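We did not get these values from a lab; they are worked out from the coordinates using the rules stated. Small disclaimer: the values here were computed from a predicted structure and weren't measured. Neighbour counts run over all protein chains shown; Cβ positions are idealised from the backbone, glycine included.
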């Protein structure tokens with residue numbers, strides 16, 4: 001190669017390298033722009049998805065909270081109803097026991113009154129029996145005394 005050819009060839013090579021460098025720079029700029037655009041799109045999509053997931057999570061949390069409150073209210077209402085039922089049952093049991101105690105007390109007091117009346121009648125009978133016995137004894141003893149009393153003699157006492 002001659003110097004002119006070499007110089008021409010070097011000039012062409014430099015131009016070609018510059019052109020290649022320009023094309024590579026343009027391609028790099030385009031790829032960088034596309035990469036930035038794609039990155040911005042990915043970030044925007046991720047941001048949208050994050051916002052959607054956050055909203056969905058908040059809605060689900062609110063739904064779970066509302067459901068828990070509803071369940072808690074239902075359980076509380078059931079507990080109140082059960083407490084009222086038990087209270088009413090206790091009142092009913094207490095009233096039944098009180099009525100049973102009153103009935104038993106009335107029965108026992110009636111039995112005691114009957115027993116007392118029977119005992120008082122027995123005491124009265126025994127007192128009458130005692131009085132009759134005393135009267136008979138008095139009468140008998142009076143007769144016996146009358147039989148053993150000395151008969152007075154008209155002559156006077158004996159010495």
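Given the condition part of a helix (DSSP H, G or I) and within 28 Å of the chain's Cα centre (by Cα), answer yes or no: does some residue in the stretch 105-113 qualify? For the stretch 105-113, residues part of a helix (DSSP H, G or I) and within 28 Å of the chain's Cα centre (by Cα): absent. Among residues of the stretch 123-137 that are surrounded by 10 or more Cβ atoms within 10 Å (Cβ to Cβ), none has a beta-carbon under 7 Å from a residue that is assigned to a helix (DSSP H, G or I) at least six positions away or on a different chain.
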